[in-house]
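For reference, the structure discussed in these notes is given below.
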Amino acid sequence: MKISIRINGKKHTDEVEPRISLTHYLRETLDMTGTHIGCDTSACGACTVTLNGDAVKSCTLLAVQADGAEVTTIEGMAKNGEMHPIQQAFKEKHGLQCGFCTPGMVMVAADILKHTPNPSEEDIRHGLKGNFCRCTGYHNIIKSIQHAAELINK
Amino acid sequence: MIPAKFEYMKVSSVGEAVDLLEKHGFDAKILSGGHSLLPAMKLRLNRPEVLIDITGISGMDSITEQGDEIVIGANCTHSQLLRSELVQKQVNILAQAADTVGDVQVRNKGTIGGSLAHADPSADYPAVVLACDAVIVAEGKNGSREIAATDFFEGIFTTTLNDDEIITAIRFPKIAKGNYQKFYQSASRFAVVGVAVVRDGDSVKVGVTGVSDTPYRATAVEEAYAGNGDAAEHAVDDIEVMSDHFADVEYRSHLAKVMVKRALEA
Ligand SMILES: Cc1cc2nc3c(=O)[nH]c(=O)nc-3n(C[C@H](O)[C@H](O)[C@H](O)COP(=O)(O)OP(=O)(O)OC[C@H]3O[C@@H](n4cnc5c(N)ncnc54)[C@H](O)[C@@H]3O)c2cc1C
Ligand code: FES
Ligand code: FES
């Protein structure tokens with residue numbers, strides 16, 4: 001089936017099998033490997049991207065369901081070689097160790113901050129329920145998102 | 001994990017979806033948010049040959065006030081419900097339950113129609129629609145009909161929807177006072193036990209999910225209610241309590257009483 005998706009501002013038109021997930025389409029057809037696959041069963045959040053501005057797990061979304069939509073992946077966060085404030089904050093506050101969960105964490109953080117520009121620690125913890133990190137113990141991820149809010153609101 | 005092959009069709013009207021359901025019968029499945037169906041297809045628990053995507057049907061994701069009722073389109077996502085001012089003001093218990101479903105990403109895609117049709121015994125909305133006496137609006141080849149929530153759930157993953165029917169909307173009476181209490185299964189975030197209580201003057205309506213194969217109205221609690229939490233003792237009277245690796249019968253029965261008490265006293 002032919003689909004057309006605007007990804008990070010650029011339109012991509014391809015022929016795909018309906019059973020291919022958006023994650024597979026991004027990684028294997030478009031070679032955009034920033035979006036990770038952890039569980040592939042909608043538990044871990046590593047595959048999070050935004051679809052028309054809302055964070056979704058791309059492993060549980062068929063590429064054909066995203067036809068006509070606007071998708072942002074981790075590759076689309078930096079602009080003109082400048083890190084996005086959320087990325088900057090993760091760097092400054094050591095919000096990552098191995099980095100496997102980080103693309104998903106950054107993308108869900110964008111959704112959290114869109115709806116709660118000044119999130120409390122509890123808001124952030126509630127927002128991270130669908131994202132697993134096996135390294136950091138979450139403390140620095142929470143600090144990073146709080147710092148990102150400061151950078152964005154500055 | 002990649003599901004078995006299927007054909008994908010996106011429809012733009014309810015009539016088109018019903019025609020396709022009639023034509024393909026058992027081989028077809030409706031797709032809304034996909035957050036119950038796609039994981040099941042990946043695990044080959046489900047192998048439909050045709051998926052009918054209904055998310056492009058216009059008007060099916062609206063929330064409107066119609067007289068004494070709030071009418072919720074079946075394609076409304078959990079996030080839409082928890083953020084809707086109309087829902088927060090008139091059926092707050094539904095907004096409250098929506099905020100407990102899964103996580104941000106699941107709430108952004110999963111829909112109320114999909115959740116009700118799926119009838120997972122640990123899902124949250126069944127308790128809420130039961131306690132609210134909501135009405136499920138379904139459309140099939142014989143036209144549209146309204147099903148009382150108390151007549152909707154039949155068993156584990158089964159409802160009284162016919163094979164050719166889709167849920168188009170859910171009608172909620174305005175609810176002045178209600179609250180939803182959930183004991184989370186900590187990995188999946190589904191309800192081990194979920195209790196919805198709606199107050200109506202001196203009486204209460206109590207919907208329970210997670211405890212039995214089929215969500216139920218705790219009528220024994222409703223009858224015994226005398227203004228405090230004591231009636232919670234009757235939470236599982238005449239109910240066949242389910243057992244799984246998260247909670248056995250004894251634990252789940254006790255938990256049901258604790259959660260009903262909390263909901264009655266909240
Ligand atoms: C990680 C995770 C955590 C979750 N946690 C919770 C939780 O805590 N509580 C909870 O209640 N749920 C939870 N869910 C389930 C979630 O709420 C789903 O969104 C919901 O159960 C199904 O809605 P959907 O729109 O995704 O339906 P789909 O997956 O698209 O469809 C589900 C079933 O319903 C049928 N269907 C869909 N729409 C209609 C319709 N309008 N008319 C008739 N049939 C229809 C489909 O054919 C299919 O059989 C979770 C899911 C995931 C992946
Ligand atoms: S890979 Fe999608 S949620 Fe884990
Ligand atoms: S940094 Fe390693 S999984 Fe999160």
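Quick notes
- Computed magnitude of the charge dipole of chain B (debye, nearest 20; Cβ of K, R +1, Cβ of D, E -1): 920 debye
- C-alpha long axis of helix B:249-265 to longest principal axis of chain B, angle in °: 80 degrees
- Taken one residue at a time, the phi angles of segment B:210-222 give Karplus couplings (6.51, -1.76, 1.60, θ = phi - 60°) of x, 8, 10, 3, 10, x, 9, 8, 7, 5, 5, 5, 4 Hz. Gly and Pro are set to x.
- Under a model in which nothing but the beta-carbon of Lys, Arg (+1) and Asp, Glu (-1) is charged, chain A shows a dipole of about 220 debye around its Cα centre.
- Max mean-square fluctuation residue, GNM over chain B, Cα-Cα springs under 10 Å, options B:106, B:193, B:211: B:106
- Selected from B:244, B:68, B:133 as most flexible by GNM, with chain B as the system and alpha-carbon contacts under 10 Å: B:244
- Interface burial for B against A (accessible surface, 1.4 Å probe, total of both chains, Å², rounded to 100): 2400 Å²
- Shape category assigned to segment B:123-184 from the gyration tensor of Cα positions, a/c cut at 1.5: oblate
- Under-5 Å amide H pairs with residue B:169, H placed in peptide plane, nonlocal only: B:74, B:137
- When only alpha carbons are used to place a centre, segment B:1-58 and segment B:61-98 end up 25 Å from one another.
- Amide H contacts of residue B:213 (H built 1.01 Å from N, under 5 Å, at least 5 apart or other chain): B:242
- Heavy-atom accessible area, 1.4 Å probe, ligands and nucleic acids excluded: residues of segment B:25-70 down by at least 40 Å² from chain alone: B:35, B:38, B:42
- Among the trypsin sites (Lys or Arg not before Pro) in segment B:1-79, those placed in a DSSP loop whose Cβ has at most 12 other Cβ atoms within 10 Å are B:5, B:44.
- Look at the stretch A:58-71: the mean tally of other chain Cβ atoms within 10 Å of its residues' Cβ atoms is 4.
- Taking a ≥ b ≥ c as the square roots of the eigenvalues of the Cα gyration tensor, the protein assembly as shown is oblate, since a/c reaches 1.5 or more and a/b is not larger than b/c.
- By the helix-only formula, in which each DSSP H run with n ≥ 4 contributes -39500 (n - 2.57) and the sum is divided by residues, chain A has a 222 nm mean residue ellipticity of -8500 deg cm²/dmol.
- Per-residue 3J(HN,Hα) values for segment B:108-123, derived from phi via the Karplus relation 6.51 cos²θ - 1.76 cosθ + 1.60 with θ = phi - 60°, read 6, 10, x, 10, 5, x, x, 5, 5, 5, 5, 6, 5, x, 10, 6 Hz in sequence order (x marks Gly and Pro).
- Per residue of peptide B:107-119, the mean number of Cβ atoms on other chains within 10 Å of the residue Cβ is 2.
- When the Cα positions of A:3, A:24, A:146 are compared along the charge dipole of chain A, A:146 comes out farthest toward the positive end, with charges on each C-beta of Lys, Arg, Asp and Glu.
- Normalised per residue, the accessible area of chain A is 45 Å², obtained with a 1.4 Å probe and no contribution from ligands, DNA or RNA.
- Estimated 222 nm signal from helices in chain B, with DSSP H stretches of n ≥ 4 weighted -39500 (n - 2.57), rounded to 500: -8000 deg cm²/dmol
- Hz values of 3J(HN,Hα) by residue in segment A:106-114 - Karplus curve (6.51, -1.76, 1.60), Gly and Pro given as x: 5, 5, 6, 4, 4, 5, 4, 6, 5
- Heavy-atom accessible surface of segment A:85-152: percent carbon and sulfur, 1.4 Å: 53 percent
- Solvent-accessible area per residue in segment B:1-69 equals 51 Å², computed with a 1.4 angstrom probe and all protein chains kept.
- In terms of the mean number of neighbouring beta-carbon atoms within 10 Å, the peptides B:91-102, A:94-105 order highest first as B:91-102, A:94-105.
- Virtual spin-label span in nm between residue A:94 and residue A:153, 7 Å along Cα→Cβ: 2.5 nm
- Centroid-to-centroid, using Cα positions, segment B:187-258 and segment A:53-118 are 39 Å apart.
- For segment B:81-136, with +1 on Lys and Arg beta carbons and -1 on Asp and Glu, the positive-most of B:81, B:118, B:128 along the dipole: B:81
- Per-residue mean of C-beta atoms belonging to partner chains within 10 Å, peptide A:51-57: 5
- In chain B, the portion of solvent-accessible area held by carbon and sulfur atoms comes to 46 percent [1.4 Å probe, whole percent, DNA, RNA and ligands not counted].
- Listed residue (B:259, B:55, B:94) projecting farthest to the positive dipole end of chain B, Cβ model: B:55
- Cα gyration tensor category, rounded, prolate or oblate, for segment A:81-154 with a/c compared to 1.5: oblate
- Rounded to the nearest 20 debye, the dipole magnitude of segment B:19-173 is 500 debye, with +1 charges on Lys and Arg beta carbons, -1 on Asp and Glu beta carbons, and the Cα centre as origin.
- Nearest-ten-degree value, helix B:14-24 long axis tilted from longest Cα axis of chain B: 70 degrees
The values are calculated or read from the model by the stated rules, or taken from the named source; none is laboratory data. Values in this document were obtained by computation on a predicted structure and should not be read as measured data. No Cβ is skipped: glycine too gets one built from the backbone with ideal geometry, and neighbour counts run over all protein chains shown. With ligands, DNA and RNA removed, areas are computed over all heavy atoms of the protein, side chains included. Shrake-Rupley method; radii C 1.70, N 1.55, O 1.52, S 1.80 Å.
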